[in-house]
Amino acid sequence: MAKKKRAARDAEKRQREYQEGQKRLARRRTFVGLLGFIPLAVSLGCGSGVNLGPLCALEPNVWLLIWAALFGSFLGLTIRLVLERRKFEKAERGAA
């Protein structure tokens, strides 16, 4: 009886930790995704002739490089979310 209660508590704790980790990753991914629009907009704006003041001091290609780095981070976080979900689901199936 005590083993069942302990196993249930452990499973509940794993579930809670997993969900908290997923929320943190999702928030970070959202922040990086939103942040990525800034260099993209500046690059497109300066490249099309819109005067954005000191932001246009850098070449549009530099802004695209910054955007590419942020987009890569966004993709990496997305992949990590998916892989961790699969890992958790596999562990849950193995424990059941």
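Charge dipole of the chain (Cα centre as origin; +1 on each Lys and Arg Cβ, -1 on each Asp and Glu Cβ, all else neutral): 1120 debye, rounded to the nearest 20. Entry note, the chain: relative contact order of 32 percent, from Cα contacts under 8 Å with a spacing of 6+ residues.
Full extension of the segment from Asn61 to Thr30, taken as 0.36 nm per residue of separation minus the current Cα-Cα distance, would add 8.8 nm. Rounding to the nearest 10 and keeping the result within 0 to 90°, find how far the Cα-based axis of helix 37-47 lies from the longest principal axis of the chain. The answer is roughly 20 degrees. Helix 60-95: angle to the longest alpha-carbon principal axis of the chain, degrees 0 to 90, nearest 10? Value to nearest ten degrees: 10. Structure note, pairs Lys3/Lys23; Lys23/Lys90; Lys13/Lys87: Cα-Cα distances above 22 angstrom occur for Lys3/Lys23.
In the list [x] 21, 15, 12; [y] 46, 11, 7; [z] 30, 13, 10, the label attached to semi-axes √(5λ) of the Cα gyration tensor in Å as derived from the coordinates here is [y]. Subtracting the Cα-Cα distance of Arg80 and Gln19 from 0.36 nm times their residue separation leaves 20.6 nm of extension gain.
Each reported figure results from applying straightforward, stated rules to the coordinates on display, with no laboratory input. Only a predicted model underlies this, so the values are computations on that prediction, with no experimental measurement involved. So basically every Cβ, Gly included, is an ideal-geometry build from the backbone, and we count neighbours across all protein chains shown.
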